[in-house]
2 protein chains.
Amino acid sequence: MPKRETKARLDAYEAVFSALAHPARRRVLLAVYFAGGGMTAGAIAAMFAHAWQTTTRHLQVLEAAGLLEHEKQGRMRVYRINRKRLALVNDWLATFFREP
Amino acid sequence: MPKRETKARLDAYEAVFSALAHPARRRVLLAVYFAGGGMTAGAIAAMFAHAWQTTTRHLQVLEAAGLLEHEKQGRMRVYRINRKRLALVNDWLATFFREP
DNA sequence: CGAACATTCAGCCTCGTGGCTGAATATGGG
DNA sequence: CCCATATTCAGCCACGAGGCTGAATGTTCG
């Protein structure tokens, strides 16, 4: 799938990989995924000992990387995973297992 | 494959993901892989505008994460990829695509 | 042996990341 | 309308990561 390593693609890798670099953010992704139909910011923040404001920032990083999307439901925001974006990592990795 | 998320496993993820977080280190992995039979530290360092000492550190990070291994050949060190370790990333990702 | 080469070790400096606290901005219920 | 709730925005601080330079280590060759 990765035909040429365009600047845009490299930027995408950069965003995704550095988003995944922090353990809290990896935990968030797993939690949201296992929650199935999305998770509110509050519920996510409750998982951590951190101040919620800290978690907010992690959520922003994940969203900026395109790994998470949010949707407003009343007075709370529900986050859900963007699988397609996660697949980017798969693409990158695949190189090492595909070609001889 | 990941039965339980043991401390050791989490540490492994931590090492690998943060190693992959830096673009230079991702480039190194790709280059070494495409070189086929390994690559000397010098050849790797030559790819970058950085001072070679900087690249040395990147190589150490990659090796500490288990993604790279080296072997002494005369007065130069040859680095090669450890595919198994890269597969860890695959394991982590698989969760999101495997289970419903 | 001694000089040239390949690579790492040690130490310095800067800047971004990730933690915190305090204030701001919706939104829904009584 | 007003207050409680849910969440983000803004700004502060500290520490580690990643760049640099200079010295050290180990290896081959004449």
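Just so it is clear, none of the values below were taken in a lab; they were calculated from the coordinates. Here the structure is a predicted model, which is why all the values come from computation and not from measurement. As a convention, Cβ positions derive from the backbone with ideal geometry for all residues, glycine included, and neighbour counts pool all protein chains shown.
Placing unit charges on the Cβ atoms only, positive for Lys and Arg and negative for Asp and Glu, gives chain B a dipole magnitude near 160 debye about its Cα centre. With n ≥ 4 as the cut-off for DSSP H runs, can you work out [θ] at 222 nm for chain B, using -39500 (n - 2.57) per run divided by the number of residues, rounded to the nearest 500? Computed ellipticity for chain B at 222 nm equals -19000 deg cm²/dmol. Taking all Cα pairs closer than 8 Å and separated by 6 or more residues, the relative contact order of chain A comes to 30 percent. Of the GluC sites (Glu not before Pro) found in chain B, those that fall in a DSSP loop while having at most 16 other beta-carbon atoms within 10 Å are B:Glu5. What angle do you read, to the nearest 10 degrees and between 0 and 90, between the alpha-carbon axis of helix B:23-34 and the longest principal axis of chain B? Here the helix axis deviates by roughly 80 degrees.
Computed over every Cα-Cα pair of the protein assembly as shown and binned at 10 Å starting from 0, the pair-distance distribution P(r) comes out as 8, 33, 33, 18, 7, 1, 0 percent.
Each of the trypsin sites (Lys or Arg not before Pro) that DSSP puts in a loop and that has at most 12 other Cβ atoms within 10 Å breaks chain A; the longest unbroken stretch is A:5-74.
With the charge dipole of chain A set up from +1 on Lys and Arg Cβ and -1 on Asp and Glu Cβ about the Cα centre, the Cα lying farthest toward the positive end among the listed residues A:Ala35, A:Ala19, A:Asn82 is that of A:Ala35. Among the listed pairs A:Lys7/B:Lys84; A:Lys84/B:Lys72; A:Lys72/B:Lys7, give every one whose C-alpha distance is greater than 32 Å. Pairs exceeding the cut-off: A:Lys84/B:Lys72; A:Lys72/B:Lys7. Rg and Dmax of chain B, both derived from C-alpha coordinates alone, stand at 14.9, 53 Å. Extending 7 Å from the Cα toward the beta-carbon at both B:Arg77 and B:Thr40 defines two label points whose distance is 1.4 nm.
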